[in-house]
């Protein structure tokens, strides 16, 4: 029985001898289980990497974790390691910057970020700051993103731009435009800053974006909607103020739509990412995304990923639909419904400019779509991945053999003013808090004292 346990048995043993070359792909190692009284056969494609790593983790001479790290290196994985008492914001930022620069070189799937405690045990370092929820929202918005709707919105909004020289006290203000952009086009105008960070800059994960970015909230969308809301308040500004606020809000909305289209186009065309490092890189990424959206808007549509003739037909069909909707938007009732007063502006300029833009971008996108190769669906080449994707990891991946060690970056916000001790800082805080409260109270007392003076007089 012992000899049988060591035998390698092939189910194709009686097959033609010419098939011996492929015998390794159909062979199994079969062992007899005395408990179940059955033969148990394990295929050659078992998860050997995870098993090997687990054996190394549990070995007696691996108390400090060095053998585990060496094994990960043997698998071709870049290991970022931080030890007990050595976690702070500068380290997290440096890891994100290095990982994003490595991503520009094509090393996208071979990195992990580990934490080693004082006993030598290893953990996946992940963030507990809501980045998982943000990642889910971002992925959902990208899945339901409609490139056609974004293109239609860009062209229709451009009809208002010729109103920049409208004078004579004419009122140009958004009617239902803010509602349409904020509610109907939610996916198309959301997460522009995050899209640019992930697709253009090459940030490794959503968690990395929350570490490196100074804008955790979706400020581009909020600012555009806020300006459009102000433009609709006739009691707040005069006619010229409404006109200029409307134009500013529409330009901001167009830039956000183009940034989303451009960042997706950058990703679909597989262009090299910029990499984190400089404080001005996010701004450059946003500008590049807007320019890319102007030059290759149709490449931002999801169906472009099919490549080949399908991608070219997608460009042609979307260009036709955009042109039809743009002509329809020239009707006076449609203009009043979106931006009241824009129907009085010179629409010939808008028609000529948008018509030329549709024609030129169609040509550029058709040639760009020809270079997108069709992707043939195939099973994963690595049936035993040692890494799995995780948006809460600062580097985007983690090792499933290790437990997670979750940290909140807020805890590393800083040590305050280094020149002040705790007592001085406390006194300063009390002074500011009491002063702020007194200022608010004084505003109420001012009106009260005026009433008292009126009664006395």
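General observations
- Most to least packed among 123-132, 176-185 [average Cβ atoms within 10 Å]: 123-132, 176-185
- Each peptide among 219-232, 388-401 gets the average number of other Cβ atoms lying within 10 Å of its residues, and from highest to lowest they stand as 388-401, 219-232.
- Cα pair distances exceeding 20 angstrom across the stretch 80-161, given as percent: 60
- Square roots of five times the Cα gyration tensor eigenvalues for the stretch 279-363, Å: 27, 20, 11
- Three-way shape label, the stretch 131-370, alpha-carbon gyration tensor, a/c 1.5: oblate
- Using a simple spin-label model with pseudo-atoms 7 Å out from Cα toward Cβ, residue 428 and residue 303 lie 6.0 nm apart.
- Across the alpha-carbon set of the stretch 185-272, the Rg to Rh ratio works out to 1.09, Rh being the Kirkwood radius.
- Relative contact order (%) - criterion: Cα under 8 Å, at least six apart; region: the stretch 253-412: 24
- Using 0.36 nm per residue and subtracting the Cα-Cα separation, the extra length available between residue 442 and residue 410 on full extension is 8.0 nm.
- Length released on extending from residue 88 to residue 373, taking residue separation times 0.36 nm less the Cα-Cα span: 98.3 nm
- Cα gyration tensor category, rounded, prolate or oblate, for the stretch 236-319 with a/c compared to 1.5: oblate
Since every read-out is calculated from the coordinates, none of them should be taken as a lab result. This structure is a prediction, so every number in the text was calculated from the model and none was measured. We place every Cβ from the backbone using ideal geometry, glycine too, and count neighbours over all the protein chains shown.
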